[in-house]
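Undergrad: Please find one structure pasted underneath; my questions will follow.
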Amino acid sequence: MLLTLASGALFFPGLFALSTWALRRSRPGWTDDDCLTVGTRLVSSVQAVLATGAGLIIVCSCSNVVSDRSSGENLETSLSAASSQQN
């Protein structure tokens with residue numbers, strides 16, 4: 001989980017920097033505000049697509065999204081795992 005967080009913390013700012021750099025080089029007539037706005041919207045769109053994809057995977061893999069848990073986990077095992085990580 002920490003690796004996923006670190007990857008996202010590097011990927012999205014990197015995508016923003018790359019997109020603003022590419023826009024400044026490919027569209028020299030645009031102002032910095034234009035490039036920043038388009039770069040921000042591009043990163044936001046990528047995040048939205050990835051979040052939608054993750055949601056679809058979860059919905060398609062569960063028969064009851066509210067109460068289903070993956071890999072045979074139930075409320076009791078989930079609570080015991082959570083309490084053991086706090087110690």
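Undergrad: At 0.36 nm per residue, minus the direct Cα-Cα distance, what do ASP68 and PHE11 gain on full extension? Give it in nm, one decimal, please.
TA: 17.4 nm
Undergrad: Can you tally the net charge around ARG24? Count Lys and Arg as +1, Asp and Glu as -1, for every other residue whose Cβ sits under 14 Å from the Cβ of ARG24.
TA: Net local charge, ARG24 excluded: -1.
Undergrad: Rounded to whole Hz and in sequence order, give me ³J(HN,Hα) for region 32-48 from the Karplus expression 6.51 cos²θ - 1.76 cosθ + 1.60, θ = phi - 60°, writing x for Gly and Pro.
TA: Per-residue couplings from phi come out as 4, 4, 5, 5, 5, 5, 5, x, 5, 5, 5, 4, 4, 5, 5, 4, 5 Hz.
Quick note: the coordinates plus some simple rules give every number you see, no bench work behind them. All values reported here derive from a predicted model rather than from experimental measurement. Cβ atoms come from the backbone with ideal geometry, glycine included; neighbour counts cover every protein chain shown.
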